[in-house]
Amino acid sequence: ALGLIGATAYSIYDLRHPEEQYEPDPTKKTLVILGTGWGSVSLLKKLDTENYNVVVVSPRNYFLFTPLLPSCTTGLIEHRSIMEPIRNILRQKKATVKFYEAEATKIDYEKRVVLISDDSEIKGDISHTEVPFDMLVIGVGAENATFGIQGVREHSCFLKEVTDAQNIRKRIMDCVETAMFKDQTPDEVKRLLHMVVVGGGPTGVEFAGELQDFFNDDLKKWIPEIQDNFHVTLVEALPNVLPMFSKQLIDYTESTFKEEEITIRTKTMVKKVTDKYIEAEVTNPDGSKSLETIPYGLLVWATGNAVRPVVRDLMSQLPAQANSRRGLAVNEYLVVNGTENIWAVGDCAITNYAPTAQVAGQEGAFLARLFNTMAKTDTIEKELQTLSNEQSLAKTDEDRNRVFDEIRERQKQLRRTKQIGPFQYSHQGSLAYIGKERAVADISWLSGNIASGGTLTYLFWRSAYLSMCFSSRNRVLVAVDWIKARLFGRDVSR
Ligand code: NAD
């Protein structure tokens, strides 16, 4: 056992100190990758960086394991446990990769440059510069959709980034502590403890489930006075939540929420948000519509994705993107339509698949395979050129035959490498945690839906997420957080 621990510790130590990296050849093409999310990072992980001059630009110098972000809002998981520094990933590559912590503000397709800006807290001002590219991969994701609804940006919390989860965590405790403040009116206490989630997609459902767990497991034990007023409401414009799941899983989710005492308000479309109320249009059973004002303490806005300005700007430069609304239209090799040297992955690309982490991850891995193959093809073609020159200079039959055999071998290799087919998504399934140790899942390889609760599902959900974590380090940190919360409860400090 001691030997095993020693070997594991040594291999981790070894990973932290990989062999020296070498500088890439400046004559090679410059490949610029925008973003450090699911698409870009899975590309980086599988890319042979020695074939290109690779430059990564992202305002976030870490990868974020987004499926567990809802758990950070209640302190079940600490946010650093689901962050993986991008430098850790780049350090493992054979050839050096440059990383700039900056935001890409414009892609100039004609000039083949990306304009980037760094809003540095240390310098106190914004630095602007340009990064030229031969090849560009856009993996910048999407921003939160607000549909221009008044007051959303000012008054609600989103759930996309680490800072969003931290804001929600603070806001929950702020609402609770303020509700407990001396001499609050009963109406104000009720308002402050009303937690409203807008959007019944997986983000809204998972967050509502986690929040109710927080209340049941910890809050009501530490602060019993809030018991009668703390309430979670999920608001959805459509007739049901989780439209991408089957009817069976939707029914299971809705009945679980009922048991958990989470209110689901379907056919309720939010039209306006103020600092204390949301105004929603409700479609009544007889088809008539009425307006309702709903007071809230915390408002979490989870109504899906919208196109980022940098992507919209590129679309406006390309006539081939004129009919595209939701993001960059790409071909079956993920090349942005209207370009030859720009690819898009993840939520900023429009494909036939839902904008999920699973799709983005597979797209990134596909591009790595494509780029590795393209580099291999280039090398073989250059070798073929050299060999054909050698053949024409060969003096003896023996030399000519040897070179001829080598040419045939290279041609065979070339045919093999060129066989890379278009991107094909392989759906492994969808999983959503719905609170109360229950999860819904549609698992394609089991060709069926699983809607169940109890220890087994809970363990399945947890082990599925743990196995998906990007690094062993993240896996250990997340497991420790879960154990900590089981033993001591969640941390209810603000
Ligand atoms: P979504 O687009 O799936 O759902 C948003 C919901 O908000 C929709 O049902 C829409 O009808 C509703 N909505 C929009 N405007 C509204 C309004 N004004 N008032 C009330 N309701 C309104 O968004 P999401 O949940 O953030 O998911 C985004 C993507 O990420 C999806 O493709 C999803 O599948 C994926 N995702 C998957 C998981 C998972 O598999 N566990 C988790 C999170 C996200």
Search result, residues across the stretch 133-161 that are surrounded by 13 or more Cβ atoms within 10 Å (Cβ to Cβ) and not in a loop (DSSP other than H, G, I, E, B): Met135, Leu136, Val137, Ile138, Glu143, Asn144, Gln150, Val152, Arg153, His155, Cys157
Please go through the stretch 248-277 and give me each residue that is touching a strand residue (DSSP E or B) at 6+ places or on another chain (Cβ under 7 Å), more than 10 Å from the ligand (Cβ to nearest atom), not β-branched (Val, Ile, Thr) and not in a strand (DSSP E or B), ordered by number. Gln248, Leu249, Tyr252, Glu254, Phe257, Glu260, Lys276
Working carefully through the options Ile107, Ile168, find the one that is closer than 20 Å to Glu206 by Cβ and either out of contact with any helix residue (DSSP H, G or I) (no Cβ under 7 Å at 6 or more places or on another chain) or assigned to a strand (DSSP E or B) (or both). Ile168
So Leu334 fits all but one of (1) within 13 Å of the ligand (Cβ to nearest atom); (2) modelled with pLDDT of 95 or more; (3) of a type in the set (A, V, I, L, M, F, W, C); what number is the exception? (1)
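Here's the yes/no breakdown for (1) within 16 Å of the ligand (Cβ to nearest atom); (2) of a type in the set (D, E, K, R):
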site: Ala344; (1), (2): no, no
site: Glu363; (1), (2): yes, yes
site: Lys376; (1), (2): no, yes
site: Ser388; (1), (2): no, no
site: Asp405; (1), (2): no, yes
site: Pro422; (1), (2): no, no
site: Ser430; (1), (2): yes, no
site: Tyr433; (1), (2): yes, no
Scanning for something at pLDDT 95 or above, β-branched (Val, Ile, Thr) and within 23 Å of Val270 (Cβ to Cβ), does the stretch 174-188 turn up at least one residue? no
When Glu84 is run through (1) of a type in the set (Asp, Glu); (2) surrounded by 17 or more Cβ atoms within 10 Å (Cβ to Cβ); (3) under 24 Å from Thr373 (Cβ atoms), the failure sits at (3)
Please find, among Arg312, Arg326, Arg308, the residue that is free of Cβ contacts under 8 Å to residues at least 12 places away in the same chain and surrounded by 14 or more Cβ atoms within 10 Å (Cβ to Cβ). Arg312
Complete set of residues in the stretch 104-152 that are basic (Lys, Arg) and modelled with pLDDT under 95: Lys123
Restricting attention to the stretch 390-428, and to residues there that are surrounded by 15 or more Cβ atoms within 10 Å (Cβ to Cβ) and within 26 Å of Ile350 (Cα to Cα), which single residue is modelled with the lowest pLDDT? Ile420
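How many of the residues in the stretch 305-323 are closer than 24 Å to Thr203 by Cβ, of a type outside the set (A, V, I, L, M) and more than 16 Å from the ligand (Cβ to nearest atom)? Explain how you work it out, then say what you get.
Filtering the stretch 305-323 down to residues closer than 24 Å to Thr203 by Cβ leaves 305-312.
Going one step further and asking which of them are of a type outside the set (A, V, I, L, M), we end up with 305, 308-309, 312.
Imposing the further condition that a residue be more than 16 Å from the ligand (Cβ to nearest atom) reduces the set to 309, 312.
Of the residues in that region, 2 qualify.
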Counted residues, the stretch 469-491 - those being in contact with an Asp or Glu (Cβ under 8 Å, 6 or more places away or on another chain), in a loop (DSSP other than H, G, I, E, B), on the phi < 0 side of the Ramachandran plot and at pLDDT 90 or above: 1
Thr233 meets each of (1) outside any helix (DSSP H, G or I); (2) touching a Leu at 6+ places or on another chain (Cβ under 9 Å); (3) touching a residue at least 60 places away in the same chain (Cβ under 8 Å) with one exception, condition (2)
Near pairs, Cβ below 9 angstrom, 6+ apart or cross-chain, from the stretch 276-289 (among the polar types (S, T, N, Q)) to any residue that is in a strand (DSSP E or B) and crowded, with 16+ Cβ neighbours inside 10 Å: Thr283/Thr268; Thr283/Met269
Residue list for the stretch 284-337, restricted to those being assigned to a helix (DSSP H, G or I), farther than 22 Å from Pro59 by Cα and not hydroxyl-bearing (Ser, Thr, Tyr): Gln317, Pro319, Ala320, Gln321
Of residues in the stretch 233-247 being under 23 Å from Tyr465 (Cα atoms) and more than 9 Å from the ligand (Cβ to nearest atom), the one surrounded by the most Cβ atoms within 10 Å (Cβ to Cβ): Phe245
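Within the stretch 180-232, how many residues turn out to be of a type in the set (A, V, I, L, M, F, W, C) and more than 16 Å from the ligand (Cβ to nearest atom)?
Residues in the stretch 180-232 being of a type in the set (A, V, I, L, M, F, W, C) and more than 16 Å from the ligand (Cβ to nearest atom): 12 in total.
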Any idea which of (1) surrounded by 15 or more Cβ atoms within 10 Å (Cβ to Cβ); (2) not in a helix (DSSP H, G or I) is the one Leu384 doesn't satisfy? (2)
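Scan the stretch 108-159 for residues that are among the hydrophobic types (A, V, I, L, M, F, W, C) and within 16 Å of the ligand (Cβ to nearest atom) and jot them down.
Result: Val140, Ala142, Ala145, Phe147, Ile149, Val152, Cys157, Phe158, Leu159.
The values are calculated or read from the model by the stated rules, or taken from the named source; none is laboratory data. What you see is a predicted model, and the numbers here were worked out from it, not measured in a lab. No Cβ is skipped: glycine too gets one built from the backbone with ideal geometry, and neighbour counts run over all protein chains shown.
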